[in-house]
Amino acid sequence: MLMNPTLEKLKTLQLWGMLAALEDQQRTPDIDSLTFEERLGLLIDREETMRADRRLRTRLTQAKLRVKASIEDIDYRASRGLSKNAMLDLAQGRWIDERRNLLITGPTGVGKTYLACALANQACRLGKRALYQRLPRLLFDLEIGKGDGRYQSLLAGLQRVDLLILDDWGLAPLTDSGRRDLLEILDDRYNTRSTLITSQLPVDAWHAYLADPTLADAILDRLIHNAHKLALRGDSLRKTTGGLTSATSPDTQ
């Protein structure tokens, strides 16, 4: 059998995994000891793996995570009230399947953003779509979108992702328009998608932060009652992480 035409056809069909596997087989001296079915199975397995890897890379790119983070690299040595069992349970992704929310609170520097990005990374690995957004920037972009015609498409994009991270909740005051935009986002996602919030403010201070009692009730009703909560504590890891890890940024874990 002439192999070059077969290789060219695999390139034309963009079956890159099968192409790589077939080239590996050609370089394997004892490959003839395998049956045709076994060799074909190896080709298909490589193609499946390569396609899955490409889809994962695409999901991670689209997620726009602020930091490179993973569940495996979370440091539990710092005293911040973080349960390893709780994180491993969240890593299973059932809370996303159940369309529940997650609220991570704690003082600055205790690793809220890192944990959020690690869970988003894990969600991507489980085949789910995630998106990281800083709340102040998101609300600014939505306000601009009202003027340039992108508003509805921006809301639709936020509605589609399985896990939406809203980082820095409570960092900047909200305008009336911002509160209404926030309600639109959460209403679109209520009981259909999961939202992860990180905030320096404890949850019981969120109603006051939202300022408008009516809108605050509506926003929190869609956010809190079906949510898991992680309340972190302790000193900033920026002061302590230097000796804990050399693989990540001091403000991440």
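The values are calculated or read from the model by the stated rules, or taken from the named source; none is laboratory data. None of these values were measured; they are calculated from a predicted model. Neighbour counts are summed over all protein chains in view; Cβ atoms, including those assigned to glycine, are modelled from backbone coordinates with ideal geometry.
In the range 160-253, which helices (runs of 4 or more DSSP H) lie fully inside it and hold 2 or more residues that are modelled with pLDDT of 95 or more and closer than 21 Å to G106 by Cβ?
Numbers: elements: 176-189, 206-210, 213-223, 237-240.
The helices (runs of 4 or more DSSP H) meeting that bar are 206-210, 213-223.
Look at the range 171-198 and say how many of its residues are farther than 25 Å from L115 by Cβ and among the hydroxyl-bearing types (S, T, Y). Residues flagged as farther than 25 Å from L115 by Cβ and among the hydroxyl-bearing types (S, T, Y) within the range 171-198 amount to 2. Close Cβ contacts (under 8 Å, 6 or more residues apart or on different chains) running from residues in the range 138-150 that are assigned by TED's automatic domain parsing to the domain that holds D181 and at pLDDT below 95 to residues that are not hydrophobic (A, V, I, L, M, F, W, C) and not in a helix (DSSP H, G or I) are absent. Restricting D45, D53 to those that are surrounded by 13 or more Cβ atoms within 10 Å (Cβ to Cβ), over 25 Å from I224 (Cβ atoms) and not hydroxyl-bearing (S, T, Y) reduces the list to D45. Among the residues of the range 194-232, those that are under 15 Å from R99 (Cα atoms) and either in contact (Cβ under 8 Å) with a residue 60 or more places away in the chain or surrounded by fewer than 17 Cβ atoms within 10 Å (Cβ to Cβ) (or both) comprise S194, T195, L196, I197, D221, L223, I224, H225, N226, A227, H228, K229. Within the range 127-137, restricting attention to residues that are touching a strand residue (DSSP E or B) at 6+ places or on another chain (Cβ under 8 Å) and either modelled with pLDDT under 95 or part of a helix (DSSP H, G or I) (or both), the residue that is farthest from L158 (Cα to Cα) is P136.
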